[in-house]
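The values are calculated or read from the model by the stated rules, or taken from the named source; none is laboratory data. This structure is a prediction, so every number in the text was calculated from the model and none was measured. Counting neighbours? That spans all protein chains shown, and the Cβs are built from the backbone with ideal geometry, glycine included. Accessible surface is based on the protein model in full, side chains and every heavy atom, while ligands, DNA and RNA are left aside. Shrake-Rupley method; radii C 1.70, N 1.55, O 1.52, S 1.80 Å.
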Amino acid sequence: MTDPEISLYSAAPASEPERQYYFMDRAKELVKEASERAGRALTFHVTTFGCQMNARDSEKLEGILRKVGYIEEADEEKADFVIYNTCTVRENANQRVYGRLGQLGHAKKSNPHMMIALCGCMMQEPQVVEKLKKSYRFVDIIFGTHNIYKFAELIAARMESDRMVIDIWKDTDRIVEDLPVARKYPFKSGVNIMFGCNNFCSYCIVPYVRGRERSRDPKMIIREIEKLAADGVVEVMLLGQNVNSYGKTLDQPMTFAQLLEEVEKVDGIRRIRFMTSHPKDLSDELIEVMGRSEKICRHLHLPLQSGSSRILKKMNRRYTKEQYLDLVDRIRAAVPDISLTTDIIVGFPGETEEDFLETLDVVRRVRYDSAFTFIYSKRTGTPAAAMEEQVPQDVVKDRFDRLLREVQDISAQVCAVHEGTVQEVLAESVNDHDPSLLTGRMSNNLLVHFPGDPSLIGRLVKVRLVTCRGFYYLGEMV
Ligand code: 5AD
Ligand code: SF4
């Protein structure tokens, strides 16, 4: 959308997004003045922790930063404005933020223009904000997951005062559309279809930091995808914590499968991906749509978490081992060449060796293309944190190593089955190590490196998979 005509000197509009365009103009003036004082253009650097959802949020932050006049600086410590978009899904994510923030505090001492903003999931935890207020006074702006659209307003507020600006909301039912976005790739993009989560898996902090589930209006989603297609995007990734429950809370409810059929109709979009699916909500309707779709990629990320029905119950996952395996069978029957990936947690409270063997059993039966394996991390405020029988660390470590070995052995075998075939590949980048090669992604999400000209980036090309190198291929265009 074009910027609404708003005078800088009138009072800020109350409605969104007009209010934010007003503050973008205001912040732009302030950034210009600061830049004149510094005698150079001011720069920003956004560091993103966590998932695809956060990556998409960072593109929105970046859209606002560019709009108000900052330019990007690749080196975090040299930037005038550093933004950490944080994750809190596991404790080690938090530790990384504190560690890096300490270093940044030193860099700030030698750059008088430097500002630091922290946002994202970790900021939704009250004890984190308390700690920052007490021990990290050099931070300029703190905000959470519900109000990133207000970034320009917060920048203006900080630049007009000398105080730390803190704005955290507990929850929200609002979705603000039509704000600027700076996409990382010209040819593919994430698209939010829903926010928040209502599942309350007993180990998971996400429902507390991302709030209640809200689906975006399908018309807005399709309009955004049409615009992306007109702008040269060929692949979209529909994003939500639990995409399979999309649409349930809309005034005119619609299913995720129905939404996918609408996205399929958008000319110019050649590939559709989505993240993340909860097994309990994955419908037969969706399986059917995936089976007949020309555009939905042959890849499904289907978090297992545990293979033990007893532990799944304690996790509040609301499916059993047998139901999960049956679902996998049904998906494979409808989409035979599908690649399946998963998330697994080891060391959930009360997990016995027998429970763990059930997890290994599922891994051996499903034969995942790849699996993200996590050591259980206790998150304050979740039901699992209060459970007794936390598993000793050495036991967890041993199980984790055994699981990882199994997962890696299987995925090397599964990956190799495509050797010799010709696949449609989206050329995504010049290879990091060898500039004569391009790196492309297959429908099933595997990567292949092949000789090619950078002008092919963003195009779908046919590549023969010549050799499998464990988790990726070397190939040649045909
Ligand atoms: N400890 C370990 N792993 C977790 N995950 C979510 N919460 C925790 C936790 N407390 C994992 C799950 C989820 C992935 C995004 O992170 O496997 O699917
Ligand atoms: Fe993403 Fe969850 Fe981490 Fe937030 S806490 S960034 S939603 S993985």
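Annotations for the structure displayed:
- Scan of the range 453-469 for residues that are open to solvent by less than 50 Å² (accessible area, probe 1.4 Å) and at pLDDT below 95, ordered by number: C468
- Extreme residue, nearest to A412 (Cα to Cα), among residues of the range 342-363 that are within 11 Å of ligand 1 (Cβ to nearest atom) and buried (at least 16 other Cβ atoms within 10 Å of the Cβ): T342
- Residue, surrounded by the fewest Cβ atoms within 10 Å (Cβ to Cβ), within the range 289-328, restricted to residues that are more than 14 Å from ligand 1 (Cβ to nearest atom) and among the β-branched types (V, I, T): T320
- Here S189 meets the list (1) within 16 Å of ligand 2 (Cβ to nearest atom); (2) part of a strand (DSSP E or B) almost entirely, failing just condition (1).
- Flag if E424 is closer than 30 Å to R365 by Cβ and not in a loop (DSSP other than H, G, I, E, B): yes
- Evaluation of S15 against (1) over 19 Å from the mean Cα position of the chain (by Cα); (2) modelled with pLDDT under 95; (3) among the polar types (S, T, N, Q); (4) surrounded by 15 or more Cβ atoms within 10 Å (Cβ to Cβ) (one fails), failing number: (4)
- Flag if G381 is at pLDDT below 95, within 15 Å of ligand 1 (Cβ to nearest atom) and either in contact with a Cys (Cβ under 6 Å, 6 or more places away or on another chain) or not in a strand (DSSP E or B) (or both): yes
- Every pair of residues 6+ apart whose Cβ atoms lie under 6 Å, when the first sits in the range 99-126 and is more than 16 Å from ligand 1 (Cβ to nearest atom) while the second is in a loop (DSSP other than H, G, I, E, B) and among the acidic types (D, E): H113/D80; M114/D80; M115/D140; I116/D140
- Among the residues making up the range 42-53, those that are surrounded by 20 or more Cβ atoms within 10 Å (Cβ to Cβ), within 16 Å of ligand 1 (Cβ to nearest atom) and not in a loop (DSSP other than H, G, I, E, B) are T48, M53.
- Contact map, the range 208-229: residues that are in contact (Cβ under 8 Å) with a residue 60 or more places away in the chain paired with residues that are charged (D, E, K, R) and not in a helix (DSSP H, G or I), Cβ distance under 9 Å, separation 6+ or inter-chain. Pairs shown: Y208/E125; Y208/R379; V209/E125; G211/K170; G211/D171; G211/D173.
- Criterion: over 18 Å from P349 (Cβ atoms), part of a strand (DSSP E or B) and open to solvent by less than 50 Å² (accessible area, probe 1.4 Å) - qualifying residue of F450, F372: F450
- Residue in the range 187-198 that is touching a Phe, Trp or Tyr at 6+ places or on another chain (Cβ under 7 Å), among the aliphatic types (A, V, I, L, M) and open to solvent by 10 Å² or more (accessible area, probe 1.4 Å) present: no
- Near pairs, Cβ below 8 angstrom, 6+ apart or cross-chain, from the range 384-408 (closer than 25 Å to V206 by Cα) to any residue that is basic (K, R): A384/K314; A384/K378; A385/K378; A385/R379; M387/K314; Q390/K378
- S377 vs. criteria within 16 Å of ligand 2 (Cβ to nearest atom) and open to solvent by less than 50 Å² (accessible area, probe 1.4 Å): yes
- Inside the range 276-288, residues that are touching a residue at least 40 places away in the same chain (Cβ under 8 Å) and surrounded by 18 or more Cβ atoms within 10 Å (Cβ to Cβ) make up a count of 5.
- Which numbered condition E77 fails, given (1) at pLDDT below 95; (2) within 21 Å of the chain's Cα centre (by Cα): (2)
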